[in-house]
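Peer 1: Can you read through this structure? Questions will come right after.
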Amino acid sequence: MRSNKLDDAFFSRLETMSLNLKSSLAGYFGGKHLVRTYGQTVEFADYREYQLGDDIRRIDWNLYSRFEKYFLKLFTDERQMQVQIFLDCSGSMGKDSPQKAEYAVAATAALGFLAVQNMDKLSVYLMRGERAEDPFGTIVGKNSFFRAVGSLESVEFDGDTDMAACITGCPNISENNGLTVIVSDFCTESDWKKAVDYLCYKKRQVLLLQVLTPDELDPGYEGRVHLMDSESDSIEDPRNMKLRITRGMLEAYREALKDFREDMHTFCNKREAGYITVSTDTAIERVLFGEFLKVGIMS
């Protein structure tokens with residue numbers, strides 16, 4: 001699968017954007033995310049009275065000459081975060097829908113670019129079966145990022161994915177220091193809610209990015225069809241079926257999809273996780289500037 005989206009023009013359009021993570025998160029020194037604690041940057045934040053044990057080098061002697069009291073200068077603190085992206089590589093994400101796979105890879109690359117541009121650490125995990133593969137290791141800086149993107153474009157999508165097993169079994173889930181994004185269609189029988197709960201337990205900021213095609217959002221099938229599950233490996237799989245699709249069945253499908261998305265939205269809201277559904281015919285930049293701004297991920 002080779003994407004025609006990931007070119008220089010695509011990334012240049014992202015230069016003015018940045019990820020917006022919750023300031024309550026911890027992290028590593030040396031990044032660009034302002035946090036509520038005070039640190040050692042050059043940007044002044046506030047004063048407070050001197051207390052025994054404070055560093056006397058931070059005393060403001062000009063204020064002492066005016067008030068005859070010791071005050072410390074406080075400066076803002078900036079941290080480097082860990083951005084982790086889990087890409088669903090199951091068959092439903094691209095076996096028979098190459099546009100969905102291409103779109104998911106482009107969205108992953110866009111979020112990854114924003115992370116390294118913010119001087120954050122980036123990890124991209126490929127979810128296959130019950131494992132989350134880590135082919136690129138920790139990515140820091142644009143040079144490492146673009147080398148990884150070249151490999152990301154050739155990712156194959158096939159088989160099943162157990163989302164809960166992939167994420168709860170991943171040994172590198174760091175705690176309280178950044179954003180975790182799950183890119184998937186969430187058309188799975190696995191317990192994705194368990195995966196989200198695990199990430200929330202780890203105090204991660206969580207975003208679910210649901211990628212669907214226009215046909216999945218509003219199917220236009222009619223008459224007799226043979227429906228094949230894209231994650232099945234046999235024509236005898238009970239998930240495959242021959243049907244005569246009627247208008248009533250289409251309405252039932254739309255209602256079921258609506259209920260499913262509302263359930264995802266409610267579940268994520270209760271856990272303060274972000275949830276976005278995107279159609280593959282929507283420009284990535286429009287999603288970033290629009291939907292991501294709404295859930296507070298972009299700034």
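Peer 1: Kindly establish whether S123 is assigned by TED's automatic domain parsing to the domain that holds A195, touching a residue at least 60 places away in the same chain (Cβ under 8 Å) and either in contact with a His (Cβ under 8 Å, 6 or more places away or on another chain) or buried (at least 16 other Cβ atoms within 10 Å of the Cβ) (or both).
Peer 2: no
Table: residues versus (1) in contact with a strand residue (DSSP E or B) (Cβ under 8 Å, 6 or more places away or on another chain); (2) free of Cβ contacts under 8 Å to residues at least 40 places away in the same chain.
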| residue | (1), (2) |
| --- | --- |
| T168 | no, yes |
| S174 | yes, no |
| N177 | yes, no |
| S184 | yes, no |
| E189 | no, yes |
| D197 | no, no |
| V206 | yes, no |
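Peer 1: Right, D215: in contact (Cβ under 8 Å) with a residue 40 or more places away in the chain, acidic (D, E), surrounded by fewer than 20 Cβ atoms within 10 Å (Cβ to Cβ) and in the same structural domain as D134 (by TED's automatic domain parsing) or not?
Peer 2: On the way: in contact (Cβ under 8 Å) with a residue 40 or more places away in the chain: no; acidic (D, E): yes; surrounded by fewer than 20 Cβ atoms within 10 Å (Cβ to Cβ): yes; in the same structural domain as D134 (by TED's automatic domain parsing): yes.
In short, no.
Peer 1: A follow-up question, please. Quick one: which residue in D54, D88 is modelled with pLDDT under 80 and either in contact with a helix residue (DSSP H, G or I) (Cβ under 7 Å, 6 or more places away or on another chain) or acidic (D, E) (or both)?
Peer 2: Just one listed residue meets the conditions, D54.
Peer 1: Shifting gears a bit: Among residues belonging to segment 258-299 that are closer than 18 Å to T213 by Cα and of a type in the set (F, W, Y), point out the one that is surrounded by the most Cβ atoms within 10 Å (Cβ to Cβ).
Peer 2: Y275
Peer 1: Of all residues in segment 131-179, count the ones that are within 26 Å of K194 (Cβ to Cβ) and hydroxyl-bearing (S, T, Y).
Peer 2: Of the residues in that region, 4 qualify.
Peer 1: Here's a follow-up. Being among the hydrophobic types (A, V, I, L, M, F, W, C), surrounded by fewer than 23 Cβ atoms within 10 Å (Cβ to Cβ) and touching a Lys or Arg at 6+ places or on another chain (Cβ under 6 Å): is that true of V149 here?
Peer 2: no
Peer 1: Conditions: (1) farther than 21 Å from V287 by Cβ; (2) in contact (Cβ under 8 Å) with a residue 24 or more places away in the chain; (3) not polar (S, T, N, Q). G94 meets all but one. Number of the miss?
Peer 2: So G94 meets the others, but not (1).
Peer 1: Out of the residues in segment 171-212 that are small (G, A, S) and touching a helix residue (DSSP H, G or I) at 6+ places or on another chain (Cβ under 6 Å), state the one that is surrounded by the most Cβ atoms within 10 Å (Cβ to Cβ).
Peer 2: Step by step, filter segment 171-212, then rank; the result is A195.
Peer 1: Considering only residues that are more than 20 Å from G150 (Cβ to Cβ) and of a type in the set (A, V, I, L, M, F, W, C), which ones fall in segment 94-138?
Peer 2: M119, M127, A132
Conditions tested, residue by residue: (1) in a loop (DSSP other than H, G, I, E, B); (2) over 14 Å from Y125 (Cα atoms); (3) of a type in the set (A, V, I, L, M).
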residue: G159; (1), (2), (3): yes, yes, no
residue: C170; (1), (2), (3): yes, no, no
residue: S174; (1), (2), (3): yes, no, no
residue: I182; (1), (2), (3): no, no, yes
residue: L199; (1), (2), (3): no, yes, yes
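The values are calculated or read from the model by the stated rules, or taken from the named source; none is laboratory data. Just so it is clear, the structure is predicted and the values come from calculations on it, not from any experiment. Because the Cβ atoms are built from the backbone with ideal geometry, glycine has one as well, and the counts that use them run over all protein chains shown.
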